[in-house]
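Right, one structure below, let's go through it.
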Amino acid sequence: DPATLRQAARDVEDFGVVVSELDADNIESANDAVSRLGLVATGLGNTLAAAAAPGIERLANGFADLWRKGAPLASALDLVLSNLDRVAAYAGTAATLIAGRFAASFAAATVAAAALNAKLLLTRAALMRTGIGALVVGAGELVLWFGRLVTAAGGFGAALDLMKDVAAEVWDRIVMGPELMRLRMEELGARMK
(Lines give C-alpha, C1' and ligand atoms only; values in the text may rest on other atoms or scores of the structure.)
Protein backbone atom coordinates (compact mmCIF):
# COMPACT_ATOMS: atom_id res chain seq x y z
CA ASP A 1 0.00 0.00 0.00
CA PRO A 2 1.60 3.31 -1.09
CA ALA A 3 0.15 5.23 1.89
CA THR A 4 1.70 2.75 4.33
CA LEU A 5 5.06 3.02 2.54
CA ARG A 6 4.92 6.85 2.68
CA GLN A 7 4.11 6.69 6.41
CA ALA A 8 6.98 4.25 7.00
CA ALA A 9 9.36 6.53 5.10
CA ARG A 10 8.22 9.54 7.19
CA ASP A 11 8.67 7.51 10.42
CA VAL A 12 12.17 6.48 9.37
CA GLU A 13 13.11 10.11 8.78
CA ASP A 14 11.26 11.49 11.86
CA PHE A 15 12.89 9.01 14.24
CA GLY A 16 16.44 9.50 12.91
CA VAL A 17 16.80 6.05 11.35
CA VAL A 18 17.95 7.62 8.09
CA VAL A 19 21.35 9.21 8.61
CA SER A 20 23.87 10.93 6.39
CA GLU A 21 27.07 9.24 5.26
CA LEU A 22 29.05 11.34 7.76
CA ASP A 23 26.69 10.33 10.60
CA ALA A 24 26.99 6.70 9.52
CA ASP A 25 30.80 6.94 9.69
CA ASN A 26 30.59 8.52 13.17
CA ILE A 27 28.19 5.83 14.36
CA GLU A 28 30.56 3.13 13.05
CA SER A 29 33.47 4.79 14.89
CA ALA A 30 31.44 4.93 18.10
CA ASN A 31 30.54 1.23 17.73
CA ASP A 32 34.23 0.39 17.25
CA ALA A 33 35.14 2.45 20.35
CA VAL A 34 32.48 0.71 22.44
CA SER A 35 33.78 -2.66 21.24
CA ARG A 36 37.33 -1.68 22.25
CA LEU A 37 36.05 -0.56 25.68
CA GLY A 38 34.41 -3.96 26.06
CA LEU A 39 37.73 -5.64 25.24
CA VAL A 40 39.53 -3.39 27.75
CA ALA A 41 36.98 -4.27 30.47
CA THR A 42 37.26 -7.98 29.69
CA GLY A 43 41.06 -7.79 29.77
CA LEU A 44 41.03 -5.86 33.05
CA GLY A 45 38.62 -8.38 34.56
CA ASN A 46 40.83 -11.28 33.41
CA THR A 47 43.94 -9.61 34.85
CA LEU A 48 42.25 -8.96 38.20
CA ALA A 49 40.81 -12.48 38.33
CA ALA A 50 44.22 -13.99 37.56
CA ALA A 51 45.85 -11.89 40.28
CA ALA A 52 43.14 -12.65 42.84
CA ALA A 53 42.77 -16.34 41.97
CA PRO A 54 45.29 -17.69 44.51
CA GLY A 55 43.72 -15.70 47.35
CA ILE A 56 40.18 -16.67 46.36
CA GLU A 57 41.24 -20.31 46.12
CA ARG A 58 42.83 -20.20 49.60
CA LEU A 59 39.68 -18.55 51.00
CA ALA A 60 37.41 -21.16 49.40
CA ASN A 61 39.63 -24.01 50.67
CA GLY A 62 39.68 -22.49 54.15
CA PHE A 63 35.88 -22.29 54.29
CA ALA A 64 35.59 -25.81 52.94
CA ASP A 65 38.01 -27.08 55.61
CA LEU A 66 36.02 -25.32 58.37
CA TRP A 67 32.73 -26.91 57.27
CA ARG A 68 33.91 -30.47 56.46
CA LYS A 69 32.44 -33.24 58.59
CA GLY A 70 34.32 -33.33 61.87
CA ALA A 71 35.70 -29.78 61.49
CA PRO A 72 35.18 -27.40 64.45
CA LEU A 73 32.48 -25.22 62.85
CA ALA A 74 30.61 -28.17 61.38
CA SER A 75 30.70 -29.91 64.77
CA ALA A 76 29.49 -26.75 66.51
CA LEU A 77 26.63 -26.37 64.02
CA ASP A 78 25.68 -30.05 64.44
CA LEU A 79 25.69 -29.57 68.21
CA VAL A 80 23.45 -26.49 68.02
CA LEU A 81 21.06 -28.14 65.55
CA SER A 82 20.82 -31.33 67.56
CA ASN A 83 20.05 -29.30 70.70
CA LEU A 84 17.82 -26.69 69.06
CA ASP A 85 14.95 -27.40 71.43
CA ARG A 86 17.30 -26.90 74.38
CA VAL A 87 18.68 -23.66 72.91
CA ALA A 88 15.11 -22.38 72.36
CA ALA A 89 14.19 -23.26 75.96
CA TYR A 90 17.26 -21.45 77.29
CA ALA A 91 16.57 -18.41 75.12
CA GLY A 92 12.93 -18.35 76.18
CA THR A 93 13.86 -18.62 79.84
CA ALA A 94 16.42 -15.84 79.51
CA ALA A 95 13.92 -13.61 77.68
CA THR A 96 11.27 -14.25 80.35
CA LEU A 97 13.74 -13.52 83.14
CA ILE A 98 14.90 -10.31 81.49
CA ALA A 99 11.33 -9.21 80.75
CA GLY A 100 10.28 -9.98 84.34
CA ARG A 101 13.15 -7.97 85.74
CA PHE A 102 12.36 -5.13 83.34
CA ALA A 103 8.69 -5.13 84.35
CA ALA A 104 9.59 -5.23 88.04
CA SER A 105 12.07 -2.37 87.60
CA PHE A 106 9.49 -0.36 85.66
CA ALA A 107 6.89 -0.91 88.38
CA ALA A 108 9.39 0.11 91.07
CA ALA A 109 10.28 3.24 89.11
CA THR A 110 6.59 4.13 88.77
CA VAL A 111 6.04 3.73 92.50
CA ALA A 112 9.16 5.79 93.26
CA ALA A 113 8.05 8.56 90.89
CA ALA A 114 4.60 8.68 92.49
CA ALA A 115 6.17 8.82 95.97
CA LEU A 116 8.52 11.61 94.87
CA ASN A 117 5.61 13.56 93.41
CA ALA A 118 3.64 13.21 96.66
CA LYS A 119 6.66 14.30 98.71
CA LEU A 120 7.20 17.32 96.47
CA LEU A 121 3.56 18.32 96.91
CA LEU A 122 3.86 17.98 100.69
CA THR A 123 7.10 19.99 100.66
CA ARG A 124 5.46 22.75 98.62
CA ALA A 125 2.48 22.83 100.97
CA ALA A 126 4.76 23.00 104.01
CA LEU A 127 6.82 25.77 102.44
CA MET A 128 3.68 27.73 101.60
CA ARG A 129 2.62 27.68 105.27
CA THR A 130 5.80 29.41 106.33
CA GLY A 131 6.56 32.99 105.34
CA ILE A 132 9.90 32.14 103.79
CA GLY A 133 8.31 29.22 101.94
CA ALA A 134 5.71 31.49 100.36
CA LEU A 135 8.51 33.84 99.37
CA VAL A 136 10.50 30.97 97.80
CA VAL A 137 7.47 29.65 95.91
CA GLY A 138 6.57 33.17 94.79
CA ALA A 139 10.12 33.83 93.61
CA GLY A 140 10.08 30.50 91.77
CA GLU A 141 6.85 31.47 90.02
CA LEU A 142 8.35 34.84 89.08
CA VAL A 143 11.40 33.11 87.60
CA LEU A 144 9.16 30.68 85.69
CA TRP A 145 6.98 33.43 84.23
CA PHE A 146 9.96 35.65 83.45
CA GLY A 147 11.53 32.72 81.57
CA ARG A 148 8.34 32.37 79.55
CA LEU A 149 8.39 36.13 78.89
CA VAL A 150 12.00 35.94 77.68
CA THR A 151 11.02 33.13 75.29
CA ALA A 152 7.92 34.95 74.02
CA ALA A 153 9.69 38.31 73.67
CA GLY A 154 12.56 36.80 71.73
CA GLY A 155 15.38 37.48 74.18
CA PHE A 156 16.43 38.76 77.57
CA GLY A 157 16.85 42.39 76.45
CA ALA A 158 13.43 42.46 74.81
CA ALA A 159 11.90 41.02 77.99
CA LEU A 160 13.58 43.71 80.09
CA ASP A 161 12.24 46.39 77.72
CA LEU A 162 8.73 45.01 78.20
CA MET A 163 9.22 44.88 81.98
CA LYS A 164 10.42 48.52 81.89
CA ASP A 165 7.23 49.52 80.06
CA VAL A 166 5.09 47.67 82.61
CA ALA A 167 7.02 49.21 85.54
CA ALA A 168 6.60 52.71 84.08
CA GLU A 169 2.85 52.16 83.66
CA VAL A 170 2.51 50.82 87.22
CA TRP A 171 4.50 53.74 88.61
CA ASP A 172 2.36 56.25 86.71
CA ARG A 173 -0.77 54.67 88.14
CA ILE A 174 0.67 54.68 91.65
CA VAL A 175 1.49 58.39 91.30
CA MET A 176 -1.98 59.07 89.90
CA GLY A 177 -3.61 56.99 92.66
CA PRO A 178 -4.00 59.75 95.28
CA GLU A 179 -5.29 62.21 92.67
CA LEU A 180 -7.82 59.64 91.41
CA MET A 181 -8.88 58.94 94.99
CA ARG A 182 -9.43 62.69 95.59
CA LEU A 183 -11.49 62.98 92.40
CA ARG A 184 -13.60 59.96 93.34
CA MET A 185 -14.29 61.40 96.76
CA GLU A 186 -15.36 64.68 95.20
CA GLU A 187 -17.62 62.77 92.83
CA LEU A 188 -19.15 60.82 95.71
CA GLY A 189 -19.69 64.08 97.62
CA ALA A 190 -21.34 65.66 94.57
CA ARG A 191 -23.67 62.71 94.22
CA MET A 192 -24.63 62.88 97.87
CA LYS A 193 -25.56 66.54 97.47
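Here is how the numbers come out for the structure above:
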read-out	value
Choice from Ala104, Ala51, Ala24 with maximal GNM fluctuation in the chain (Cα, 10 Å cutoff)	Ala24
Where labels lie 7 Å past Cα in the beta-carbon direction, separation of Asn61 and Ser82 in nm	3.0 nm
DSSP-assigned coil residues among chymotrypsin sites (Phe, Trp or Tyr not before Pro) in the range 1-68, each with at most 13 further Cβ atoms within 10 Å	Phe15
Value of [θ]222 nm, deg cm²/dmol, for the chain, DSSP H segments ≥ 4, -39500 (n - 2.57) each, nearest 500	-33000 deg cm²/dmol
Shape call, the range 1-90: gyration tensor on alpha carbons, a/c limit 1.5	oblate
Per residue solvent-accessible surface (Å²) - the chain, probe of 1.4 Å	84 Å²
The range 58-193, Cα convex hull volume normalised per residue, Å³	326 Å³
Coil-residue trypsin sites (Lys or Arg not before Pro) of the range 30-87, DSSP, other Cβ within 10 Å capped at 12	Arg68, Lys69
Accessible-area composition of the range 95-193, carbon plus sulfur, in percent [1.4 Å probe]	73 percent
Solvent-accessible surface ranking, highest first, for Val34, Val12 at 1.4 angstrom	Val34, Val12
Mean-position separation - Cα centroids, the range 14-51 and the range 70-138, in angstrom	67 Å
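The values are calculated or read from the model by the stated rules, or taken from the named source; none is laboratory data. Source: prediction; values computed, not measured. So basically every Cβ, Gly included, is an ideal-geometry build from the backbone, and we count neighbours across all protein chains shown. The accessibility values were calculated without ligands, DNA or RNA, using every heavy atom of the protein model including side chains. Shrake-Rupley method; radii C 1.70, N 1.55, O 1.52, S 1.80 Å.
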